[in-house]
Amino acid sequence: RECVIIEDAILMGTPNHVSLRSWEACRRVVAGRLINCYSRKDLILSLMFQLKRFQGILRPVCGTSPVSISGVENYDITDLVSAHTDYCLVTGEILKRVKHGQPQRASVNTAEVDAMVTSINVTTTNNGKDALGFASLSDEIHSQRRPKHGK
């Protein structure tokens, strides 16, 4: 049984091969953002996995390349990280770059927003004086259904 138990996950210099099944499993347990930060200059990761590549495993390493899974955000931080040991020095800058802790604006379809927004007429009450009265949405719907007198 799977459940979502993690809000956001930011992986930096991940020392593992790109396994689509593993990333899909991660995506299922992360409710919010799943971020892969990688550096093409991280030679330690590259060298660490060369032995496995010689053994016939030719998959790229997560920490040195993007991951092509829906719902995974990829950030190329090659300009910040030139060696694996740089991660501890630039973690704050990486978190700023991925906008960690800042509200995320979801992509919004303007047609959907327009459909959700309804206008409610403001009417005058109190025998024509300038007092404002508010009509509820149900009042507006009912008034549109009623035939207008004199027309």
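The calculated FRET efficiency for ALA9 paired with ARG40, based on their beta-carbon distance and R0 = 22 Å, is about 0.55.
Computed packing ranks the peptides 60-70, 30-40, 80-90 as 30-40, 60-70, 80-90, most packed first, by mean other Cβ atoms within 10 Å.
With the highest mean first, a sort of the peptides 92-101, 7-16 on other beta-carbon atoms found within 10 angstrom per residue produces 7-16, 92-101.
Near HIS100, no amide H atom lies under 5 Å from its own; only residues 5 or more places off or on other chains count, and H is placed 1.01 Å from N. Between amide H atoms placed 1.01 Å from N, distances below 5 Å from ILE10 occur with ILE35, all of them 5 or more places distant or on a separate chain.
For segment 14-49, the residues whose backbone nitrogen is under 13 Å from a point 7 Å from the Cα of ALA83, taken along Cα to Cβ, are 42-45. Element breakdown for segment 5-48 at a 1.4 angstrom probe: carbon and sulfur atoms account for 60% of the accessible area. For ASN16, the residues 5 or more places off, or on other chains, whose built amide H falls under 5 Å of its own are CYS62, GLY63. Phi angles of segment 75-82 translate, via the Karplus equation with coefficients 6.51, -1.76, 1.60 and θ = phi - 60°, into HN-Hα couplings of 10, 7, 10, 4, 5, 9, 10, 10 Hz per residue; Gly and Pro are given as x.
The values are calculated or read from the model by the stated rules, or taken from the named source; none is laboratory data. No experiment lies behind these values; they were computed from the predicted model shown. Backbone-built Cβ (ideal geometry, glycine too); neighbour counts: all protein chains shown. All accessible areas refer to the heavy atoms of the entire protein, side chains included, with ligands and DNA or RNA removed. Shrake-Rupley method; radii C 1.70, N 1.55, O 1.52, S 1.80 Å.
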